[in-house]
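Below is the structure I would like to discuss, written out as structure tokens.
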Amino acid sequence: MRSETIAIHSGYDVDPTTKSVAVPIYQTVAYEFDSAEHGAALFNLEVDGFRYSRISNPTNEVLERRVTALEGGVAALSVSSGQAALNYAVLNVTELGSNIISVPQLYGTTHTLFAHVLPSQGVNIQFAEI
């Protein structure tokens with residue numbers, strides 16, 4: 001498929017009941033569990049499924065599948081803001097004791113992340129003089 005086709009059709013199977021080809025927008029915050037054990041397994045990441053919309057929901061999952069297909073990746077993660085994306089990106093390439101060298105001219109909350117939050121989590125940040 002061409003990238004345009006992937007962007008609008010990948011990651012979603014036609015709804016068998018309605019035959020809708022458009023991704024529905026799930027306006028829910030919570031999901032029903034089959035049992036207390038099932039709920040616990042979901043929150044313990046032992047089984048796949050939805051547990052709470054701030055963590056994931058079917059609408060976001062389609063977006064993540066499409067981005068994965070477009071980029072040829074293994075998986076994708078959508079988050080609610082650029083700052084959240086930056087935090088996830090940095091945390092995925094660092095570990096306790098890592099060092100980051102950065103310019104000091106950063107967007108306000110990025111500077112706060114680098115100057116205060118990450119050092120409190122054991123990631124050292126050094127600001128280079130320009």
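The values are calculated or read from the model by the stated rules, or taken from the named source; none is laboratory data. Quick caveat: nothing in here was measured; it's all calculated off a predicted structure. Ideal geometry is used to build each Cβ from the backbone, glycine not excepted, and the neighbour counts take in all protein chains shown. Just the protein is used for accessible areas: all its heavy atoms, side chains included, with ligands, DNA and RNA removed. Shrake-Rupley method; radii C 1.70, N 1.55, O 1.52, S 1.80 Å.
Output ³J(HN,Hα) for segment 78-93: one whole-Hz value per residue in order, computed from phi by the Karplus curve 6.51 cos²θ - 1.76 cosθ + 1.60 with θ = phi - 60°, and x for Gly and Pro.
Result, rounded to whole Hz: 9, 10, 7, 7, x, 5, 4, 4, 5, 4, 4, 4, 5, 5, 7, 10.
Once you list every other residue whose beta carbon is under 14 Å from the beta carbon of Asp34, what net charge do they have if Lys and Arg are +1 and Asp and Glu are -1?
Around Asp34, the charge tally is -3.
Right, something else. Computing the accessible area with a 1.4 Å probe over protein heavy atoms, can you report the carbon and sulfur percentage for the chain?
55
Please label the shape of segment 16-79 as rounded, prolate or oblate, based on the square roots a ≥ b ≥ c of the eigenvalues of the alpha-carbon gyration tensor (a/c under 1.5 means rounded; beyond that, a/b larger than b/c means prolate, else oblate).
Taking the square roots of the gyration eigenvalues as a ≥ b ≥ c, segment 16-79 is oblate.
Same structure again: How big is the shadow of the Cα convex hull of the chain, averaged over all directions, in nm²?
Taking a quarter of the hull surface, the average projection is 11.8 nm².
Okay, next question. Hey, can you grab everything whose amide H is under 5 Å from the amide H of Ile100? Only 5+ residues off in sequence or another chain; H modelled, so Pro and N-termini drop out.
For Ile100, whose amide H was placed from the backbone, the distant partners under 5 Å are Asn124, Ile125, Gln126.
Ok, one more. Which length gain, in nm to one decimal place, applies between Asp15 and His116 when the Cα-Cα distance is subtracted from 0.36 nm times their residue separation?
Once the chain is fully extended between Asp15 and His116, it gains 31.7 nm.
Given Cβ point charges of +1 (Lys, Arg) and -1 (Asp, Glu) and nothing else, what value in debye, to the nearest 20, does the dipole of the chain about its Cα centre take?
Roughly 340 debye, rounded to the nearest 20.
Moving on. What are the ³J(HN,Hα) couplings of segment 101-114, residue after residue, when phi is run through the Karplus curve with 6.51, -1.76, 1.60 and θ = phi - 60°? Round to Hz, x for glycine and proline.
3J(HN,Hα) across segment 101-114, in whole Hz: 10, 9, 6, x, 7, 10, 3, x, 6, 5, 4, 4, 4, 6.
Quick check: residue separation of Ile55 and Ser3 times 0.36 nm, minus the Cα distance between them. What number comes out in nm?
16.0 nm
Among Ala7, Gln121, His111, whose Cα sits farthest toward the positive end of the charge dipole of the chain (+1 at Cβ of Lys/Arg, -1 at Cβ of Asp/Glu, about the Cα centre)?
Among Ala7, Gln121, His111, the one farthest towards the positive end of the dipole of the chain is His111.
I would also like to ask the following. Once phi is turned into θ = phi - 60°, what whole-Hz ³J(HN,Hα) does the Karplus curve with 6.51, -1.76 and 1.60 give for every residue of segment 18-23, x standing for Gly and Pro?
8, 6, 5, 9, 8, 5
Loop-only trypsin sites (Lys or Arg not before Pro) in segment 29-130, please: DSSP not H, G, I, E or B, and at most 12 other Cβ atoms within 10 Å.
Arg54
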